[in-house]
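Nothing in this text is a laboratory measurement; each read-out follows from the coordinates by a stated rule. It should be emphasised that the depicted structure is a prediction, and the values quoted were computed from it without experimental measurement. Ideal geometry is used to build each Cβ from the backbone, glycine not excepted, and the neighbour counts take in all protein chains shown.
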Amino acid sequence: MVSEPTAFDKAAAQWDDERRTARAQRLAKQILQYLKETETALPQASLLEFGCGTGLISFALAPAAQQFYGYDISQPMLERYAAKAKVFTPLFPGQNFKAVTQLDDVPGVDLIVICQVLHHIENARELIETLKGKLNPGGQLLVVDFPAGADFYHSTTDTEIHHEGFTRQQWENWCLEAGFASTDWRIIYQGTKTDPEGKEHKYELFLGVARAQSGENR
Ligand SMILES: C[S@@+](CC[C@H](N)C(=O)[O-])C[C@H]1O[C@@H](n2cnc3c(N)ncnc32)[C@H](O)[C@@H]1O
């Protein structure tokens with residue numbers, strides 16, 4: 001059965017505009033800063049970006065890892081990631097970027113990044129549990145998304161929104177229930193979007209981090 005293209009499938013070709021590229025670079029910078037500050041950067045890390053889109057975040061995170069896996073449910077998005085991986089992999093000596101169509105194809109990784117995806121996932125809590133199973137001991141899950149309670153304006157129309165943001169408490173509870181050893185949370189981005197009527201919507205993004213126990217069996 002051939003399914004109808006989703007809004008993300010249709011948006012893939014125009015995804016990398018100036019606004020999204022600049023935002024991804026700022027977010028990636030904050031993630032790199034977090035890893036440095038918490039002394040959790042690993043020279044030979046492996047990183048999975050879940051819901052990678054065209055890879056704006058993954059490629060901006062190049063200093064964070066050696067082996068990158070990009071996974072997305074949208075084939076057109078993943079094709080863009082794969083095309084960039086072909087160009088970028090030879091440009092970053094010692095680093096490899098790989099688009100994957102199945103999560104099962106990804107071995108245990110040190111870092112998992114999910115940027116502006118979790119609010120699209122109906123069972124977000126279950127996904128957190130699934131991804132914990134993909135982390136190496138001491139590995140970290142890093143989620144960037146909207147804090148709950150803000151002016152939730154979404155400019156990408158026709159996408160399924162299952163959560164109008166998340167609270168810090170929700171993040172902590174879900175991660176601890178999934179068996180993570182510790183969690184962290186900070187606001188890392190403040191931006192403005194203008195709707196088609198010209199009204200400005202201010203929004204924030206948080207970085208939620210969950211760390212798996214070191215030496216723990218996955
Ligand atoms: C707002 S975009 C973010 C893309 C990328 N993370 C970025 O920051 O540029 C959301 C992405 O999540 C993907 N997505 C939505 N639901 C998904 C699911 N269940 N599994 C994997 N990817 C999903 C979409 O296809 C889309 O590429």
Q) For segment 45-112, rounded, prolate or oblate, judged on the Cα gyration tensor with a ≥ b ≥ c (square roots of eigenvalues), a/c < 1.5 rounded, else prolate if a/b > b/c? A) oblate
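Classify the chain as rounded, prolate or oblate, taking a ≥ b ≥ c as the square roots of the eigenvalues of its Cα gyration tensor: rounded when a/c is under 1.5, otherwise prolate if a/b is larger than b/c and oblate if not.
On the way: a/c = 1.42, a/b = 1.14, b/c = 1.25.
Note, shape of the chain comes out rounded.
May I ask you to order 202-215, 49-62, 185-198 by the average number of other C-beta atoms within 10 Å around their residues, highest value first? Numbers along the way, then the final one.
On the way: 202-215: 18.3, 49-62: 24.4, 185-198: 11.4.
The peptides rank, most packed first, as 49-62, 202-215, 185-198.
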Q) Summing -39500 (n - 2.57) over the DSSP H runs of n ≥ 4 in the chain and dividing by its residue number, what mean residue ellipticity at 222 nm do you reach, to the nearest 500 deg cm²/dmol? A) -9000 deg cm²/dmol
Q. Given the chain, what count of lysine pairs have C-alpha atoms under 28 Å apart, with each pair 8 or more places apart or on different chains?
A. 26
Q) Once you sort the root eigenvalues of the Cα gyration tensor of segment 11-75 as a ≥ b ≥ c, which label holds: rounded (a/c under 1.5), prolate (a/b larger than b/c) or oblate (the other case)? A) oblate
Q: Taking H placed 1.01 Å from N in the peptide plane, check which residues at least 5 places from Y153 or on another chain put their amide H under 5 Å from its amide H.
A: none
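Between L91 and Q190, what FRET efficiency follows from the Cβ-Cβ distance if R0 is 30 Å, with the result rounded to 0.05?
On the way: r = 32 Å, r/R0 = 1.07.
E between L91 and Q190, to the nearest 0.05, is 0.40.
Ranking request for peptides 85-93, 127-135: highest mean number of other beta-carbon atoms within 10 Å first, then the rest in descending order. Please report the intermediate quantities before stating the final value.
Details: 85-93: 11.9, 127-135: 18.4.
With the highest mean Cβ count within 10 Å placed first, the list reads 127-135, 85-93.
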